[in-house]
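Please treat every number below as a calculation from the coordinates, not as lab data. Values in this document were obtained by computation on a predicted structure and should not be read as measured data. Positions of Cβ are generated from backbone atoms using ideal geometry, with glycine treated the same way; all protein chains shown enter the neighbour counts.
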Amino acid sequence: MVRKSLDEKLARIHADRSCRDFILADAKDADMAFGLAAPGRSPEHHAAEAKFRTLDEYRQIIREIVAQGLVDIMLMSASTNELLTIRERIFDQSHVTPAVRANDATDIWLAGGGLGVYDRQPSRPFRTTTIDHMMCGKYECSPEERRLGADLGLYSVTFNNDVELDLRTLEAYKEFRIEAEKKGFRHFLEVFSPNAPGENAPQDIPRFVNDHIVRTLAGVTTAGRPLFLKIPYYGPEAMEALVRYDSSLVVGILGGSAGTTYDAFYMLWEAKKYGARVALYGRKINNAEDQLTFIKYLRLVADDEIEPAEAVRAYHSDLKKLGIKPYRSLEEDLTLTPTASSYSGQSQTVGRQAAAVERGVRVTMSTWRQPEDDPDFSRMSPKEKALYNIERWKRILG
């Protein structure tokens, strides 16, 4: 078995906090959330036509990305993991680590073509798959069989500032951690913003999320702690505060919506600047014109070999050589859009825009609206709250 780059990088990061290693993951677990739309838009998609890739096409792209070898982690559903990891053994001779979404709480139930309501209700814990199914593909694994599948999973939690709901979330996470420790299963922890806090909406969501992370993990010893975190990128101040607080935490960001190519490269670049050492990009990769080329430049940005704006220009140049028409003009794709940066709040978004302008990048305000991770629920109608949650999950899930 080839030694995994994830393990090597984590060892170096823990040994030296100034280490510049960066872990890159492709999140191809959307079939546990979106239903038919999970594989992404088909190349044959036309205006007013909802045509998506098939699951077979989705999995073929996973094979190609693993063969490319530029990501460190491939996150999948349990069913995809069974096919590619356990049966086809595509990770045996690769330094890429297979990982599985270990739970699917109700706030990621997004099937239904935008008509579902589950994500607009406070999150409740649930697990479709089990640790044994992730590790060997069946209900109960023998010790030898546990090496057949993935030994790494993503567990996600959402706190809504409600004692009963948050207690249920923490109890389910505790149960998972104990079982994982018994069975030698590792995990990384995803912490979302509150999805439906209602009247209990925190005034400072980045602080609320950071505080819940450190409070939750304070009671967890090394054997049960997550390898790293996956959280929304709220901006420099929130990232620095979390990284500075606990040197043992390896903090990663989730990608959110596709946005422009510059959005993707700049978010990673800035998050790394302020302490992040992991990025898990799902829709940003899956919606790219050419995923392998997009990952090539994402890797170069992550490894400090190219600046974000230069990477966008090089990406467009490669698309031209490949005969692939870009979704946007180069000028449009060099734009930092406020909606893609709104995790950080208005003041932090403006700060990021100013930095981008200094670097010769155009910033558009045409789509600006109040930061959506800090809404004023008291002023929202039921319809506005529903739209807020739909748009939020379009940004968050990868």
**Asked** Given H placed 1.01 Å from N in the peptide plane, which residues other than close sequence neighbours of residue 253 have an amide H under 5 Å from its amide H?
**Response** 231, 278, 279, 280
**Message:** Can you return the lysines within cross-link range of residue 321? Criterion is Cα-Cα under 20 Å, with same-chain partners fewer than 8 residues away left out.
**Reply:** 296
**Message:** Take residue 163 and residue 332, extend 7 Å from each Cα along the Cα→Cβ direction, and tell me the distance between the two endpoints in nm.
**Reply:** 5.2
**Item:** Cβ-Cβ FRET estimate between residue 55 and residue 292, R0 fixed at 25 Å, reported to 0.05
**Value:** 0.80
**Message:** On a full-extension model of 0.36 nm per residue, what is the gain between residue 12 and residue 214, subtracting their alpha-carbon distance, rounded to one decimal in nm?
**Reply:** 70.5 nm
**Message:** Per 0.36 nm of contour for each residue apart, how much would the distance between residue 88 and residue 179 grow if the chain were fully extended, relative to their Cα-Cα spacing?
**Reply:** 30.1 nm
**Item:** Order by protection proxy (mean Cβ within 10 Å, highest first), peptides 271-284, 79-92
**Value:** 271-284, 79-92
**Complete:** By Cβ neighbour count within 10 Å, fewest first, 32, 76, 1 rank 1, 32, 76
**Message:** Using a Förster radius of 25 Å, what is the FRET efficiency between residue 64 and residue 36 based on their Cβ-Cβ separation? Nearest 0.05, please.
**Reply:** 0.70
**Request:** Could you rank the peptides 312-322, 298-308 by their average count of other C-beta atoms within 10 Å per residue, with the highest value first?
**Result:** 298-308, 312-322
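Taking the inverse of the average 1/r across all pairs of different Cα atoms in the stretch 130-280, what Kirkwood radius in Å do you get?
16.7
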**Fill in**
Karplus-derived 3J(HN,Hα) from phi for the stretch 265-281 (6.51 cos²θ - 1.76 cosθ + 1.60, θ = phi - 60°), whole Hz, x at Gly and Pro, runs 5, 5, 4, 4, 4, 6, 4, 5, 4, 9, x, 5, 10, 9, 9, 10, 10
**Prompt:** If amide H atoms are built 1.01 Å from N in the plane of the peptide, which residues on other chains or at least 5 residues away come under 5 Å of the amide H of residue 187?
**Reply:** 153, 227
